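Would you mind keeping the following structure in view while I ask a few things?
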Amino acid sequence: MSHFNVHEPKGIKGKLLKNMDLDTFQQIPPPYKPPKNMPNLPEEQPEFILKQICVKGLYRIHCMALNNGEKLWFCPTFIKGQTLYGWRFYRNRWIFLVIHLSKIQSIQCI
């Protein structure tokens, strides 16, 4: 069972963000691909994960490890409460991803 919800960009307006300002975050996926090799990531606390994203910046490529052991490339675009919104690189394309911070084990900006 997956720890996150994947939504195609065209479905985002009505389903996920009807009460949010859509201009607040980038609606277009990154125009480039992430590196092929992922770095090894240390286990971190959720408070540090949020700080890491905010300090390193939104709209930048990050390598993310989930609690279930999965690693993925992610470009965060918006944070609301404990929920992170952005783009995941999956099967050679960017898809929109919504994930709760508690599902993330570690994250590193590249």
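What length, rounded to one decimal in nm, is gained on full extension from S102 through to I79, with 0.36 nm per residue of separation minus their alpha-carbon distance?
7.0 nm
Can you list residues from other chains, or at least 5 along the same chain, whose modelled amide H is less than 5 Å from the amide H of W87?
Amide H neighbours of W87: C75, T77, L97.
While we're on this one: Could you calculate the contour length gain from N67 to F48, that is, 0.36 nm times the residue separation minus the distance between their Cα atoms, to one decimal place in nm?
Contour length minus Cα-Cα distance gives 5.3 nm.
Can you work out the PRE-style zone for V55? Point 7 Å along Cα to Cβ, and I want the residues of the range 75-110 with backbone N under 18 Å.
76, 105-110, by backbone N distance to the label point.
The numbers here are math on the coordinates, done by the rules we state, and not lab data. If you're wondering where the values come from, they're calculated on a predicted model, not measured in any experiment. Neighbour counts are summed over all protein chains in view; Cβ atoms, including those assigned to glycine, are modelled from backbone coordinates with ideal geometry.
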